[in-house]
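The values are calculated or read from the model by the stated rules, or taken from the named source; none is laboratory data. Worth saying up front: this structure is predicted, and the values here are computed from it rather than measured. So basically every Cβ, Gly included, is an ideal-geometry build from the backbone, and we count neighbours across all protein chains shown. Protein only, heavy atoms only, side chains kept; ligands, DNA and RNA dropped before computing areas. Shrake-Rupley method; radii C 1.70, N 1.55, O 1.52, S 1.80 Å.
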Amino acid sequence: MYKNIMLALDGSKISDSLIEEVIKLTNGQNVNVRIIHVIDESFLIYGGPSFDYLSYIASCREDGEKLLNNAAKKIASQSSIKPDTSILELKPLQGRIAEVIVDAAKEWPADLLVLGTHGRRGFSRLFLGSVAENVVRIATTPVLLVRSTDA
């Protein structure tokens, strides 16, 4: 079975489903769980000179910490697992979110990566892209995708 499971959360509605899936996967197992959240700073280069970058990043970091802490508490309360958490940052001109997630999975090292997909199709998929699709394309670690019921 899996020994190191990495859970990537973005704060969307699917996050609760992902947490529940990890709880099911780890039930009765001796497993390490790491929960990650990526702060995407790459678009901040478009903010302009009056944009308050530091306040925005601090706010994103605070929101990410809350997301991770709530997820860790929920997993710990429903299992014997005590997950660790990590905020990752994507700096401008340093790649894509998917690359940050895959690199973190390699570095840790995870033997399963769990993330959500919104299941978009057509124009919205083309316009918005898909972090999950990019992760699946470049990951060397097995990936479990949990699809959103809102698609």
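Rolling a 1.4 Å probe over the protein chains gives His118 an accessible area of about 60 Å². Ordering Gly64, Ser79, Leu54 by Cα displacement along the dipole of the stretch 49-93 toward the positive end leaves Ser79 in first place; charges were set at the Cβ atoms of Lys, Arg (+1) and Asp, Glu (-1).
Go through Lys13/Lys74; Lys24/Lys73; Lys3/Lys66; Lys3/Lys24; Lys3/Lys106 and tell me which ones have a Cα-Cα distance over 20 Å in this structure. In this structure, Lys3/Lys66 lie more than 20 Å apart at Cα.
Taken one residue at a time, the phi angles of the stretch 20-34 give Karplus couplings (6.51, -1.76, 1.60, θ = phi - 60°) of 4, 5, 5, 4, 5, 4, 9, 4, x, 9, 9, 10, 9, 10, 10 Hz. Gly and Pro are set to x. With every protein chain in place and a 1.4 angstrom probe, the accessible-area ranking of Arg147, Arg61, largest first, reads Arg147, Arg61. Shape class for the stretch 1-84: prolate, because the ratio a/c of the largest to smallest gyration tensor axis (alpha-carbon atoms, square roots of eigenvalues) is 1.5 or more and a/b beats b/c.
Based on DSSP H segments of at least four residues, each scored -39500 (n - 2.57), the chain has a per-residue ellipticity at 222 nm of -13500 deg cm²/dmol. Using only Cα atoms, locate the centre of the stretch 1-22 and the centre of the stretch 60-92, then give the distance between them in Å, rounded to an integer. Cα centres, the stretch 1-22 to the stretch 60-92: 10 Å.
Any aspartates and glutamates with Cα under 19 Å of the Lys91 Cα? List them, leaving off those in the same chain fewer than 8 positions away. Hits, sequence-local ones excluded: Asp10, Asp40, Glu41, Asp52, Glu62, Asp63, Glu65, Glu99, Asp103, Glu107. Per residue, the solvent-accessible area of the chain (1.4 Å probe, heavy atoms of protein chains only, all protein chains present) comes to 59 Å².
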